[in-house]
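Undergrad: Take this structure, written in structure tokens, and hold onto it; I'll ask about it next.
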Amino acid sequence: MAYIDVDDIKSWHAHVYFDAASRDAAKRFRDVVSEQFANRVEIGRFHERNVGPHPRWSFQIAFAPAQFSEVVGWLALNHGALDVFVHPNTDNALRDHRDCAMWLGRSHRLDLTAVGG
């Protein structure tokens, strides 16, 4: 087996999933994440539609590899009823989303055709 060097990870994304019923909770959670991490993460748009491989509405949290423990640890303890999909960003989007990802909460089936699958 060929191993991948962790230095290949350029950044991480966490995608917080929600639907119409959890929309308000997701908006509040997005505000809390923004306050908690201030300028240490980038928070993406609040998508009230499926985007890319994501099968639910979502917003993205982007962060550097050095922040993985702090950000993912905090999300693991505080995501509540919202599901969070976490993946690295290397030079292989399909592998990153299919083989190297993790879930906080429930997992969902991704549309991998959006990332070359």
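The values are calculated or read from the model by the stated rules, or taken from the named source; none is laboratory data. All of these numbers come straight from a predicted model, not from anything done at the bench. Virtual Cβ from ideal backbone geometry, glycine too; neighbours counted across all protein chains shown. For accessibility, only protein heavy atoms count, side chains too; no ligands or nucleic acids. Shrake-Rupley method; radii C 1.70, N 1.55, O 1.52, S 1.80 Å.
Undergrad: If I go through region 53-85 residue by residue, how many of them are assigned to a loop (DSSP other than H, G, I, E, B) and within 24 Å of residue 112 (Cβ to Cβ)? Quick ask: steps written out before the conclusion?
TA: Here is the first cut: in region 53-85, the residues assigned to a loop (DSSP other than H, G, I, E, B) are 53-56, 64, 79-82.
Then keep just the ones that are within 24 Å of residue 112 (Cβ to Cβ); that gives 53-56, 79, 82.
Adding up the residues that qualify gives 6.
Undergrad: Hey, could you check region 81-96 for residues that are open to solvent by less than 60 Å² (accessible area, probe 1.4 Å) and under 24 Å from residue 22 (Cα atoms) and say which is farthest from the chain's Cα centre (by Cα)? Spell out the reasoning first.
TA: Initial filter on region 81-96 (open to solvent by less than 60 Å² (accessible area, probe 1.4 Å)): 82-90, 92-96.
Checking which are under 24 Å from residue 22 (Cα atoms) leaves us with 82-87.
Details: 82: 12, 83: 9, 84: 6, 85: 4, 86: 4, 87: 6 Å.
For region 81-96, the residue satisfying everything is 82.
Undergrad: Additional query: Any residue at all in region 68-81 that is touching a Phe, Trp or Tyr at 6+ places or on another chain (Cβ under 8 Å) and touching a residue at least 60 places away in the same chain (Cβ under 8 Å)?
TA: Yes, some residue in region 68-81 is touching a Phe, Trp or Tyr at 6+ places or on another chain (Cβ under 8 Å) and touching a residue at least 60 places away in the same chain (Cβ under 8 Å).
Undergrad: What are the residue pairs meeting all of these: first residue in region 27-39, first residue open to solvent by less than 70 Å² (accessible area, probe 1.4 Å), second residue assigned to a helix (DSSP H, G or I) and among the charged types (D, E, K, R), Cβ atoms under 9 Å, and 6 or more apart or on different chains?
TA: 37/70
Undergrad: Still on this structure, please answer the following. If you go through region 29-52 one residue at a time, how many are of a type outside the set (A, V, I, L, M, F, W, C) and either within 12 Å of residue 16 (Cα to Cα) or not in a helix (DSSP H, G or I) (or both)? Full working, then the answer.
TA: Within region 29-52, the subset of a type outside the set (A, V, I, L, M, F, W, C) is 30-31, 34-36, 39-40, 42, 44-45, 47-50, 52.
Adding the requirement that they be either within 12 Å of residue 16 (Cα to Cα) or not in a helix (DSSP H, G or I) (or both) leaves 30, 42, 44-45, 47-50, 52.
Of the residues in region 29-52, 9 are of a type outside the set (A, V, I, L, M, F, W, C) and either within 12 Å of residue 16 (Cα to Cα) or not in a helix (DSSP H, G or I) (or both).
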